[in-house]
1. Provide a single number: the residues in the stretch 22-39 that are within 13 Å of the chain's Cα centre (by Cα) and farther than 16 Å from Leu82 by Cβ.
2. Quick check on the stretch 77-103: of everything there that is at positive phi and not in a strand (DSSP E or B), which residue is surrounded by the most Cβ atoms within 10 Å (Cβ to Cβ)?
3. What number of residues within the stretch 1-32 satisfy the criterion of being in a strand (DSSP E or B), among the hydrophobic types (A, V, I, L, M, F, W, C) and modelled with pLDDT under 95?
4. Of all residues in the stretch 127-154, count the ones that are of a type in the set (D, E, K, R), in contact with a strand residue (DSSP E or B) (Cβ under 9 Å, 6 or more places away or on another chain) and modelled with pLDDT of 55 or more.
5. Do the conditions hold for Phe134, that is, is it at negative phi, touching a Ser or Thr at 6+ places or on another chain (Cβ under 6 Å) and surrounded by fewer than 19 Cβ atoms within 10 Å (Cβ to Cβ)?
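The values are calculated or read from the model by the stated rules, or taken from the named source; none is laboratory data. Everything numeric here is computed off the predicted structure, so don't read it as measured data. For neighbour counting, all protein chains shown are included, and Cβ atoms are generated from backbone atoms with ideal geometry for every residue, glycine included.
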Amino acid sequence: MNKKTIPKGEFKKIVKDSPIPAVDLIIEVKDGILLGKRKNPPLKNRWFVPGGRVYKNEKLKEAVSRIAKKELGIGVNVKEFLGVFEHFYNGSEYPKIDKHYISHAYQVETKENNFSLNQEHKEIKIFKEPKKGFHRYLKDYFKALKKSPKKIEEELFL
């Protein structure tokens, strides 16, 4: 399968005109959920879960593994699919262009505890509970961990 990145100019047009399919990783470690403080828009300087877009011809679980390895240098095992979440952001890496993700959220676990940072995060930290000031989409993920996938679907789409 051919999995390739999209040239920057083409990706800008896609961000402007289309939603982006993505995966988000809710990574369980023994003391809580692993979050990264983002370096890049749309949530620059905010805590959020690792995640990213899905490449053409890439299976969702392959994207989960790729992103965990790329963003944190770890392997993960998918524990549960939490559901599909729509994220609408004012702004993006492109001036005056908003971003829309359709994100597939996965609860994952890892036995590893040596996390590395890449260009996505300036810091990583484990949180037991959502904190004041967390983005509402992140709070949705904390709530989703406590509910069944069927209940999540009912709340989001009905």
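1. Residues flagged as within 13 Å of the chain's Cα centre (by Cα) and farther than 16 Å from Leu82 by Cβ within the stretch 22-39 amount to 3.
2. Here the answer is Gly91.
3. First, pick out the residues of the stretch 1-32 that are in a strand (DSSP E or B): 20-29, 32.
If we keep only those that are among the hydrophobic types (A, V, I, L, M, F, W, C) too, we end up with 20, 22-23, 25-27, 29.
If we keep only those that are modelled with pLDDT under 95 too, we end up with 29.
The number of residues fulfilling the criteria is 1.
4. 5
5. Numbers: at negative phi: yes; touching a Ser or Thr at 6+ places or on another chain (Cβ under 6 Å): no; surrounded by fewer than 19 Cβ atoms within 10 Å (Cβ to Cβ): yes.
Taking the combined requirement at face value, the residue does not satisfy it.
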